[in-house]
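These notes concern the structure reproduced below.
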Amino acid sequence: MTRNKGKRLSLYVKDYVVFDLETTGLNPAKDAIIEISGIKVKNSQPVEEFSTLVNPGMPIPPAATRVNGITDGMVDGAPDLREALGNFLDFIGTEILVGHNIHTFDTNFLCDGVKKELDKEVKNDYIDTLYMARSCLPGLSHYKLTDISAYFGISTEGAHRALCDCNMNRQCYEKLGVLWEEKSRESLLDEAVCPECGCMLVKRRGKYGDFYGCSGFPLCRYTQKA
């Protein structure tokens with residue numbers, strides 16, 4: 001399925017929706033969403049929550065239940081995917097989305113589900129805190145959400161349930177935002193946004209001298225002279 005997603009951004013914003021999905025597996029082509037949660041943030045403060053279990057219309061594999069604790073009995077009577085996604089789209093509107101590892105996971109499930117169930121596209125730009133953490137915390141050995149939360153002293157209780165992960169990630173994003181803006185002041189252009197993909201431009205040293213390259217490399221290969 002061809003996905004026409006929004007841009008992956010590398011920046012800190014104060015207004016956004018942090019979201020997370022729980023699924024029956026890792027493959028959007030054959031696995032299903034079983035929980036959708038989001039927290040709307042305005043001026044860096046949470047103002048509204050969204051959370052729903054989703055009836056996938058199929059048994060939940062034991063391996064998935066071992067990860068997130070969601071059982072068949074819990075989703076019995078929950079809305080189907082079409083209803084849940086429709087309500088979630090109403091909740092997010094045109095806000096920038098924030099999440100952890102959403103570039104290769106959550107946004108793919110979200111976009112595929114919305115296209116299949118509602119024949120719509122999710123064009124919201126989004127920020128993946130996995131990329132931010134790798135840039136701002138280069139000394140970590142692992143970059144799972146629980147690893148980053150532990151680094152900042154944020155409780156990981158309830159991990160792998162969507163709303164708990166949203167709350168953890170919101171706090172991590174705010175902490176990362178401070179580091180990101182410090183890094184921006186130290187090493188980036190005043191107008192530090194890639195004109196092609198919206199990621200930040202980072203000063204690098206090449207064979208022929210200094211240049212600014214897109215932090216979205218290798219997906220984006222934009223460069224300009226320093």
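Computed over Cα pairs, the Kirkwood radius of region 90-213 leads via Stokes-Einstein (0.890 mPa s, 25 °C) to a diffusion coefficient of 150 µm² per second. A straight Cα-to-Cα reach below 28 Å connects LYS225 with the lysines LYS7, LYS183, LYS203, LYS207, residues fewer than 8 places away in its own chain not being considered. Between LYS115 and ARG204, full extension at 0.36 nm per residue minus the direct alpha carbon distance yields a gain of 28.1 nm.
For the chain, the 222 nm mean residue ellipticity estimated from helices alone, with every DSSP H stretch of n ≥ 4 adding -39500 (n - 2.57) and the total spread over all residues, rounds to -10000 deg cm²/dmol. Take the Cα of LYS5, go 7 Å toward its beta carbon, and the backbone nitrogen atoms of region 85-99 under 18 Å from that spot belong to 89, 92-99. Per-atom-type breakdown for region 59-173 gives carbon and sulfur 49% of the accessible area (1.4 Å probe, protein chains only).
Between ARG185 and ARG82, the contour length at 0.36 nm per residue exceeds the alpha carbon distance by 32.7 nm.
Extending 7 Å from Cα along the Cβ direction at LYS123 and again at LEU137 yields two label points whose distance is 3.5 nm.
Every Cα-Cα pair of the chain was included, and the share exceeding 33 Å stands at 18 percent. Spatially, region 57-99 and region 1-42 are offset by 12 Å when compared through their Cα centroids. Accessible area per residue for the chain is 52 Å², calculated with a 1.4 Å probe on protein heavy atoms, without ligands, DNA or RNA. Counted residue by residue at 0.36 nm each, then reduced by the alpha carbon distance between them, the extension gain from GLU49 to SER155 reaches 36.3 nm. Our coupling estimate for region 204-219, obtained by passing each phi through the Karplus curve with A = 6.51, B = -1.76, C = 1.60 and θ = phi - 60°, is 9, 10, x, 4, 10, x, 6, 8, 9, x, 6, 6, x, 4, x, 5 Hz, Gly and Pro reported as x.
Just checking the listed ones, GLY153, GLY25, GLY38: in the Gaussian network model of the chain with Cα springs under 10 Å, the one fluctuating most is GLY153.
Computed over region 1-90, the quotient of the alpha carbon radius of gyration and 2.2 N^0.38 Å is 1.22.
Residues of region 147-180 falling in the label zone of VAL13, defined by backbone nitrogen less than 20 Å from a point 7 Å along Cα to beta-carbon, are 166-180.
The values are calculated or read from the model by the stated rules, or taken from the named source; none is laboratory data. Keep in mind that this is a model prediction, so the values were computed, not measured. Counting neighbours? That spans all protein chains shown, and the Cβs are built from the backbone with ideal geometry, glycine included. Just the protein is used for accessible areas: all its heavy atoms, side chains included, with ligands, DNA and RNA removed. Shrake-Rupley method; radii C 1.70, N 1.55, O 1.52, S 1.80 Å.
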